[in-house]
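In what follows, a single structure is set out as structure tokens and then discussed.
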Amino acid sequence: MAENEPAAAGTRTGADVEERAGAAAEQAAARGPEREFTVAAKTQWQLILRRFLQHRLAIGSLIVFLLVVVVSLVGARLWHYKYEDITPEFSTAPSLKHPMGTDGLGHDGFAQVLRGAQKSVQITLLVALLSTTFGTLLGAYAGYYRGVTDSVLMRFTDLVLTIPAIAILIVVASALNRAGGSWWVIAIVLAALLWTSIARVVRGVFLSLREKEYVEAARALGASDWRIIYRHLLPNATGAVIVNATIIVAVAILSETALSYLGVGVQSPDVSLGSLISAGQQAATTRPWLFYFPGLIIIIIALTINFIGDGLRDAFDPTQRRVRA
Amino acid sequence: MLAYTIRRLLIAVPIIIASSILVFLLVAFSGDPLANLKANPRTPPEVIKLREHQLNLDKPLPQRYLIWAGNFVKGDFGKTVDGREIRPLLWQRMQVTLRMVILAILISIILAVVAGVVSAVKQYSGWDYVFTFLGFLFLSMPVFWLAALLKEYLAIDLNNFFGKQVIFTVGAETPNLGGSFLSRLPNILGHLVLPTIALSLITYAAWSRYQRASMLDVLSSDYIRLARAKGLTPFRVMTRHTLRNALIPLVTVVAIDTALVFGGAVVTEQVFAWQGMGSLLLTAATTPDVNTVLAWLIVTSIIVVVFNLIADLLYAVLDPRIRYG
């Protein structure tokens, strides 16, 4: 899905020039006529940041996303019920004491959702980190050196597309669970499957960037391959990497919760947002709160990260705004 | 067109072979078919030796693959752990699941085209924002949550409203109904409604974004301006010139996402307790039942490759440049 991602983080576009001209005019007005031709120096990053900050939906999403992530990661320690605590109130609807109600045994819904969100967010972030790093490095080498690495990588990603990812996940995760899995095992399995999309994108960016004049110049100056890849090419591929990392986060949380829903992800007694939904569904008509809240958290996380990715895409490549996703 | 078809068919064969090798290795390393036998301390070592010999586990991996592939091509998929033939079992399950997958793909394509075309033609209108938001929402929603939501709330309300069971929520069809396929058709369709809606909504979301982008691309091209300038009716410009060209990228996206839809069906089936491919794989993976897992993965990848082949041919029908290129 990521093939048509913009790659042009490093290129100067018409909009940049206009912004520069606009900023220069403002400054000229402020400082008087003798500084008429002074151009306010703005780095590429300042321009990107400014464009991102103007994307209100993305900024709002970023705030909500960070809030949910932070609450998921530390909230379970602060809330006065633990996820395995059994309170005397069972099957109560959401109230001040139990903001997300309680289940049939008396588990506090909010504590369980906090714990489930913690596991799901931990897995998601680890997956995003691992698959982005690995995918970027492999894509960079394949795109830069081409040759055998490239062919093997591309054929392999083609092959992965012929088998449903969730099927491979089910097979591998249940094998690892038999061997006694834990949350990071699930994360590694997910990452092992999700890195291919980002590798393809980075490879595509590198294939076009390696033909640029500045790479030729760097090579003529005697820069090593290592230096060209890390100092010249990777910074210019940052946009594509970041935008695709957001897609991986969304895909990862949806895959992890699906696995846990099917019972081959996070294993009980521990909980994930997916296993909470699976449990909540059994009494969905009598205790709907157990079913709604974990699902809403998943949607909030995935929706905000998608909006953030959308804003980043516009910020990194304003020429794409016409076809904003 | 014939030469093109033959060329495509010939490319599909090595893909299936490579994918079968990949799957064979994956399964060989992920589970021991005799694990349960070995776990029992009272099993005499001779029995294990004998079973290993029967299952060819004492032979080197390449030889095992060749034996297995030879049997597979001859139509012998092996037996499940409880001694049933896998081929009829898989065939029956596949029919159930393919119903949902094919119907969902067709509905998603229609939804995606309608949403994408309306969004693009009325860009930045109220409809555009509604479709964009819905696209993002369904893109961020776990399929099992949406399916369970429809099942637990919508279906029950609807059935109460009509006073009888119009929408079924459990199984692929009422068991032991008997009669011909045609006489069972209304019952089967009644069972198909909810899972197909859930799967289609999740699937169409991403596709409609692509459709919108490609429509905008085509609409701003010179040949559309020319078509309008020479006085063609807006309807003709839209159908013959815009839509025909704007559908081409969607065909590729649908082809790439076939495996994804299949994965979605595996999860959706679990929500509605269908006895389809999903439950077959889950039971086989957790048991573990190596032969079934292997046959499942290969057959699925063949189905996906066949769907890709159809997409390739469609692509050529829509775009003569591919056909003659």
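Post the alpha-carbon centroid distance, region B:206-284 to region A:164-225, in whole angstrom.
27
Put a dot 7 Å past each Cα toward the Cβ at residue A:41 and residue B:89; how far apart are the dots in nm?
A separation of 7.1 nm, rounded to one decimal place.
Give the cross-link partners of residue A:82 among the lysines, using a straight C-alpha distance below 20 Å as the criterion and excluding same-chain residues fewer than 8 apart.
Qualifying lysines at Cα under 20 Å: A:97, A:119.
Using a Cα distance threshold of under 22 Å, what count of lysine pairs results for region B:47-178 when pairs must be 8 or more residues apart or interchain? Spell out each step's value before the answer.
Details: B:49/B:59; B:49/B:79; B:59/B:74; B:59/B:79; B:151/B:164.
Qualifying lysine pairs in region B:47-178: 5.
Along the Cα→Cβ direction, 7 angstrom out, place labels at residue A:221 and residue B:43. What is the inter-label distance in nm?
The two pseudo-label positions are separated by 6.5 nm.
Do any chymotrypsin sites (Phe, Trp or Tyr not before Pro) in region A:85-142 lie in a loop, going by DSSP, with at most 14 other beta-carbon atoms within 10 Å of their beta carbon, and if so which?
Details: sites: A:90, A:110, A:134, A:141; in loops: A:90.
Sites meeting the loop and neighbour criteria: A:90.
Once both labels are modelled 7 Å past Cα along the beta-carbon direction, what's the residue B:228-residue B:187 spacing in nm?
So the label points at residue B:228 and residue B:187 sit 5.6 nm apart.
Please give the Cα centre distance for region B:50-66 versus region A:72-125, rounded to the nearest Å.
Using only Cα atoms to place each centre, the spacing works out to 50 Å.
Per Stokes-Einstein, at 37 °C and 0.692 mPa s, what whole-number D in µm² s⁻¹ belongs to region A:33-118, with the Kirkwood radius over Cα pairs as the hydrodynamic radius? Don't jump to the answer; show the numbers that get you there.
Values: Rh = 16.3 Å.
Estimated diffusion coefficient is 201 µm²/s.
Given the Cα-Cα distance of residue B:306 and residue B:153 and 0.36 nm per residue of separation, how much length would full extension add, in nm? Display every interim value, and only then the final one.
Numbers: separation 153, 0.36 × 153 = 55.08 nm, distance 3.68 nm.
Using 0.36 nm per residue and subtracting the Cα-Cα distance, I get 51.4 nm.
Students often forget the sequence filter, so: which aspartates and glutamates lie under 17 Å Cα-Cα from residue B:230 once same-chain residues fewer than 8 apart are removed?
B:222
For region A:175-192, just list the computed ³J(HN,Hα) in residue order, Karplus coefficients 6.51, -1.76 and 1.60, θ = phi - 60°, integers in Hz, with x standing in for Gly and Pro.
The phi angles translate into 5, 6, 5, 4, 7, x, x, 9, 4, 6, 5, 4, 4, 5, 4, 4, 5, 5 Hz.
Residues of region B:288-304 with amide nitrogen under 18 Å from the 7 Å Cα-to-Cβ point of residue B:322?
B:304
Rounded to the nearest 0.05, what FRET efficiency is calculated for residue B:71 and residue B:275 with R0 set to 25 Å and r the Cβ-Cβ distance?
Details: r = 26 Å, r/R0 = 1.03.
Efficiency at R0 = 25 Å is approximately 0.45.
For chain A, which longest stretch is free of loop sites, where a loop site is one of the GluC sites (Glu not before Pro) that DSSP puts outside H, G, I, E and B and that has at most 13 other Cβ atoms within 10 Å? Spell out each step's value before the answer.
Values: sites that count: A:3, A:36, A:84, A:89, A:211.
Longest gap between qualifying sites, sites excluded: A:90-210.
Taking the square root of 5 times each eigenvalue of the Cα gyration tensor, what semi-axes in Å does the equivalent ellipsoid of region B:86-318 have, largest first? Mind dumping the intermediate values first?
Details: eigenvalues 266, 96, 51 Å².
Result for region B:86-318: semi-axes of 36, 22, 16 Å.
Taking R0 as 41 Å, what's the FRET efficiency between residue B:161 and residue A:89 from their Cβ-Cβ distance, rounded to 0.05? Don't skip to the end; give the middle numbers.
On the way: r = 34 Å, r/R0 = 0.82.
Efficiency at R0 = 41 Å is approximately 0.75.
Laboratory data are not the source of any read-out in this text; all were calculated from the coordinates shown. Here the structure is a predicted model, which is why all the values come from computation and not from measurement. Because the Cβ atoms are built from the backbone with ideal geometry, glycine has one as well, and the counts that use them run over all protein chains shown.
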